[in-house]
Amino acid sequence: ERHPDTAALANWAWVIVGLAVMPSSVLWGRLATRIGYCRAISLALAVQAFGMLLPWLTSHPAAALVSALTFGGTFIGIVTLVLTLGASWYPHHRAAVVGLLTAAFGSGQAVGPFLATLTAGAADPYRAAFLLADQRFQGYEFVEGLNRRRLCLQRLEGADDLALVDGR
């Protein structure tokens, strides 16, 4: 609607999303073993944010396709990274942690579109929806801050098992 010249690319964009999803978990997992899961999650979220903003920065049709590539290449990868990291924090309760994280993700998938539809009557519904999406990233930053505090405490206590988290 905002960029009518990209409307014809909508079907191709979803094909690109689907193709990008297929290798994303494996690729992000390999990167995470090299640089650490926290860094990989941060990078994946940054790539996803760039992809979300790209169509707003330019109306060039390639922007829609690159946006589809970055979305498809990150969203399942982020879920995989978070599930792996969460399970590693509580190795004796992996199933419970994965279940809780899956429920949280599923809740977000249900509530997000509902909240986005509430913005449809706003003066600029796309801006309002992006502001809601921004809350996801702020929530991640909060969790990341708690994680950094936990890591600092572990390092002070001389913990050695941080390879999964910080890439050592």
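Which FRET efficiency value, to the nearest 0.05, is calculated for VAL26 and HIS93 with the Förster distance at 35 angstrom and r the Cβ-Cβ distance? Intermediate values should be presented prior to the final figure.
Working: r = 26 Å, r/R0 = 0.74.
The pair VAL26/HIS93 has a calculated efficiency of 0.85.
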>> For q values of 0.12, 0.13 Å⁻¹, compute log₁₀ I(q)/I(0) with the Debye formula on a Cα-only model of region 17-93, without solvent.
In response: -0.36, -0.41
>> Apply the Karplus curve 6.51 cos²θ - 1.76 cosθ + 1.60, θ = phi - 60°, to the phi angles in region 73-87 and return the couplings in whole Hz, x for Gly and Pro.
In response: x, 10, 5, 6, x, 5, 4, 4, 5, 5, 4, 5, 5, x, 5
>> Sorting check: for 39-47, 66-74, 23-31, 87-95, which peptide has the highest mean count of neighbouring beta carbons within 10 Å, and how do the rest follow?
In response: 66-74, 39-47, 23-31, 87-95
> What's the FRET efficiency of HIS60 with ALA110 using the Cβ-Cβ distance as r and R₀ = 41 Å, to the nearest 0.05?
Replying inline: 0.75
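Read-outs throughout are calculated quantities, based only on the coordinates presented, and are distinct from any laboratory measurement. Keep in mind the model is a prediction, meaning the values are calculated, not measured. Using ideal geometry, Cβ is built from the backbone for each residue, glycine included, and neighbour counts are taken over all protein chains shown.
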